[in-house]
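Q: Could you have a look at this structure, given as structure tokens, before my questions?
A short reminder: the numbers here are calculations on the coordinates, not readings from a lab. Just so it is clear, the model here is predicted, and its values are computed rather than measured. No Cβ is skipped: glycine too gets one built from the backbone with ideal geometry, and neighbour counts run over all protein chains shown.
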Amino acid sequence: MPCKQAHPFDRSGLAALSDIETREWRGLFSHLEKEQSEFLAKEGEFRSREYKWPPDPLHTWSRVWEYPYTYHHLQQARNQGPANRLPRVVDLGSGVTFFPFTVARLGYRVTCADIDPVCATDIPRAARALPHAPGAVDFRLIEGDTLPFKDNEIEAVYCISVLEHIPTFESTVAEIFRILKPAGLFVLTFDLDLRGDSQIGPVQYRKLKRVLAQHFDLLCPDAIVHPADLLTSTDGPCPVRGPSGLARAWFLAKQEVKPLFGKPPALAVPFHLCVEGLVLVRKQDGSSQQS
């Protein structure tokens, strides 16, 4: 069913500053902050010392938009589906975060999939430590270029700021097409490089959009965002200023002291980035269209 555009997130396209000034965003973000706080309160029961990513992803710059955006569309899809069954959804490139447990509480069976073997230890531990009914959370390790799922096994996939870091994203997109059921949902967010320092510049962007169009149709229309309204960051992975300025300062302070405890600091490369979200549906003809 196409987006009805009754909500600021009922669209595809670039993230806007005005999105995070809306009542709808504030409601979603407040809910997700509560969910993440409950997750972090249990962190000592599952977090491995080897885990290398920030434990507070919700306040890392573009995630303040990406998590609410993705959650909204998964919630909409769940509300439109049958109430008496738990659809299968894959968190592709999951890491170990609060988000799959929040999605499970919507009524999904969430499978986290990642190349990091630390996740294979921490996700099952977290699933035992955190209540997430009525759904379920498990983990599958990605080895090689093939996703560990059968053809047409999955109802939905979401991928949050991961695809742009995969050099051969064409094969990953084809794999997502393969594992999704016809008309399956694919919610994708990714960073775009505005200066030429990072992975997705203009050439790769055009290539990515062509590859996606071979396998998927837009479920929500692509909306135009004025350049002055773009949600951007010149701090790379650091949290954004504005709604999370204190979180950003705390993030930077932690990077200064990490070497004292034998831990590498998180990257703070001064990329100039914006972020795009796409709400896609798998083509139903049983095979991807070749351009």
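Q: At 0.36 nm per residue, and after removing the present C-alpha to C-alpha distance, how many nm does the segment from Asp151 to Gln204 gain when stretched out fully?
A: Working: separation 53, 0.36 × 53 = 19.08 nm, distance 2.75 nm.
Result for the pair: 16.3 nm of gain on full extension.
Q: Taking neighbour Cβ counts within 10 Å as the exposure measure, how do Trp25, Trp53 sort from fewest upward?
A: Numbers: Trp25 21, Trp53 15.
Neighbour counts put them in this order, fewest first: Trp53, Trp25.
Q: Could you give the dipole magnitude of the stretch 13-282 about its Cα centre, charging the beta-carbon of Lys and Arg +1 and that of Asp and Glu -1, in debye to the nearest 20? If you can, show how the numbers build up before the last one.
A: Numbers: 30 positive and 33 negative charges, 90 e Å.
Computed charge dipole of the stretch 13-282: roughly 440 debye.
Q: What ranking of Arg26, Arg85 emerges when the number of other C-beta atoms within 10 Å of each C-beta is taken as an exposure proxy, fewest first?
A: Numbers: Arg26 13, Arg85 10.
Fewest-to-most Cβ neighbours within 10 Å comes out as Arg85, Arg26.
Q: Going toward the positive end of the dipole of the stretch 13-282, with +1 on Lys and Arg Cβ and -1 on Asp and Glu Cβ, which of Val118, Ile179, Asn84 do you reach last?
A: Asn84
Q: Could you work out the Rg to Rh ratio of the stretch 13-282, with Rh taken as the Kirkwood radius (inverse of the mean 1/r over all Cα pairs)? Kindly include the intermediate steps, with their values, before the conclusion.
A: Numbers: Rg = 17.8 Å, Rh = 19.1 Å.
Ratio of gyration radius to Kirkwood radius for the stretch 13-282: 0.93.
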